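Worksheet for the structure shown next.
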Amino acid sequence: MTAVSPTSPISQVASPIPPVLAEVVRSGFVEGHHRGSLVVLAADGSVEFALGDPAAPVFPRSSNKPMQAAAVLRAGLDLSGERLAIAAASHSGEGFHLDLVRTMLAEHGLSPDDLQTPPDLPLDAAEAETYLAAGHVRDRLTMNCSGKHAAMLAACKLNGWDLGTYLDPAHPLQRLAHDSVEAAAGEPVASVGTDGCGAPLMAISLTGLARAFRTFATAAPDTVEGRVAEAMRAHPEYVAGTRRPDTWLMREVPGALSKMGAEAVQAFALADGRALAFKVDDGAIRALGPILARALRLMGVDAPAVERIGRAPLFGGAAEVGEIRATF
């Protein structure tokens, strides 16, 4: 197990224009930039380091999933272990993910046909190649949010709520999700949109997102937030997959809670209250690793996974000729 050292004081840097968080360097030439905003919270929840405008609302995308998982618990659904972890997941579409989602649906008298996720391939590239080679096609079950949707459907079935409209923002379950986001973030939802999976998507600030992860990471084990955090930490391969940074961090860093979202959003927190959140404006996932690794180092996080996550090489032919690297 790797130690997590306390962070030293870090100054705040404010900018009206999103600063460059990462640059693309090929053959010694800077050929591109990725701008965005980032915030790091100290253990007491105060802002310790900021770049760009972390007070502006963003769509956290799948980084909102722990709060959505909390909503199904508040609806009375009794989930724990792997089942609760996959309810907060953007799973890779590996066999054990798909098997568990099928099992969860069957346990509640549901089937994959009840899912309203868009048909998709496994999120993990290697899994997608294997899946296609086996003759399979895009499927609702394979979509990375199917665990969350299975939990939502099960909560609706338990309460006698309409299954056909479970993704409507006015649905009782989605009102619970809305309230869970606001409670954890400590701020009102700024806007409601539709996520890639079809579920309602609540906009909050990056500071609010970091605060939400801090809420979960520091929660008592018998609370709804604490139950979600414990399940994610105990079963991170169900939250992401065997080849994913969120899994590596929750496996290697004591007390870590980590969840990425589409459009290059990332949230992370530790049990001592330190937390971070950032978004790359252009949505480039390729920049996520170097930025996350640099932010973790600023927080004092030391683990082999940080080095792996931070490497983003560029290739020319078969040779490595450059990298994407953080600039702060």
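The table that follows gives values for the structure above.
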read-out: Only Lys, Arg (+1) and Asp, Glu (-1) charged, at Cβ; the chain dipole about Cα centre in debye; value: 360 debye
read-out: Helix axis angle, 65-74 relative to the chain longest principal axis, alpha carbon, degrees; value: 30 degrees
read-out: Residue among Glu31, Glu48, Glu23 with the largest mean-square fluctuation in a Gaussian network model of the chain, springs linking Cα atoms under 10 Å; value: Glu31
read-out: Computed over region 194-286: relative contact order in percent, which uses C-alpha pairs under 8 Å that are six or more apart; value: 26 percent
read-out: Intensity falloff of region 63-110 expressed as log10 I(q)/I(0), Debye formula with alpha-carbon point scatterers, at q = 0.20 Å⁻¹; value: -0.69
read-out: Amide H contacts under 5 Å for Leu314, placed H, 5+ residues apart; value: Val321, Gly322, Glu323, Ile324
read-out: Normalised contact order of the chain, rounded percent, pairs of Cα under 8 Å and 6 or more residues apart; value: 26 percent
read-out: About the Cα centre, charge dipole magnitude for region 199-328 (Lys/Arg +1, Asp/Glu -1 at Cβ), debye; value: 80 debye
read-out: Partnerless cysteines, meaning none of the other Cys C-beta atoms lie under 4.7 Å away, in the chain; value: Cys156
read-out: Length-normalised contact order of region 116-208 in % [C-alpha pairs under 8 Å, at least 6 apart]; value: 22 percent
read-out: Which label in (i) 128; (ii) 172; (iii) 156 gives the computed volume of the Cα convex hull per residue in Å³; value: (i)
read-out: Label-to-label distance, nm, for residues given as Asp281 and Asp302 (7 Å Cα→Cβ offset); value: 3.6 nm
read-out: Calculated over region 129-234: convex hull of Cα atoms, volume per residue (Å³); value: 145 Å³
read-out: Percent carbon-and-sulfur accessible area, region 233-328, ignoring ligands, DNA and RNA, probe 1.4 Å; value: 52 percent
read-out: Positive-pole candidate from Val239, Ala155, Gly300, dipole of the chain, charges at beta carbon; value: Gly300
read-out: Accessible surface, the chain, averaged per residue in Å² (probe 1.4 Å); value: 39 Å²
read-out: Solvent-accessible area, 1.4 Å probe, carbon plus sulfur percent, for region 15-159; value: 53 percent
read-out: Computed [θ] at 222 nm, helices only, for the chain once each DSSP H run of length n ≥ 4 contributes -39500 (n - 2.57); value: -11000 deg cm²/dmol
read-out: Given charges at Cβ of Lys, Arg, Asp, Glu: region 60-142 dipole, positive-most of Leu98, Leu121, Val72; value: Val72
read-out: Positive-end residue, the chain charge dipole about Cα centroid, Cβ charges, pick of Val228, Phe278, Thr142; value: Phe278
read-out: Summed side-chain charge close to Ala217 - residues other than Ala217 whose Cβ falls under 10 Å, Lys, Arg +1, Asp, Glu -1; value: +1
read-out: Between helix 224-234 and the chain: long-axis angle, C-alpha atoms, 0 to 90°, nearest 10; value: 70 degrees
read-out: Region 251-325 and region 61-115: distance between their alpha carbon centers, rounded to Å; value: 25 Å
read-out: Check: region 52-190 dipole with +1 on Lys, Arg Cβ and -1 on Asp, Glu Cβ, in debye; value: 220 debye
read-out: Between helix 206-217 and the chain: long-axis angle, C-alpha atoms, 0 to 90°, nearest 10; value: 60 degrees
read-out: Ranked packing of 141-154, 217-230, most packed first, by mean Cβ within 10 Å; value: 141-154, 217-230
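The values are calculated or read from the model by the stated rules, or taken from the named source; none is laboratory data. What you see is a predicted model, and the numbers here were worked out from it, not measured in a lab. FYI the Cβ positions are ideal-geometry reconstructions off the backbone, even for glycines, and counts take in every protein chain you see. Note: areas computed on protein heavy atoms with side chains; ligands, DNA, RNA excluded. Shrake-Rupley method; radii C 1.70, N 1.55, O 1.52, S 1.80 Å.
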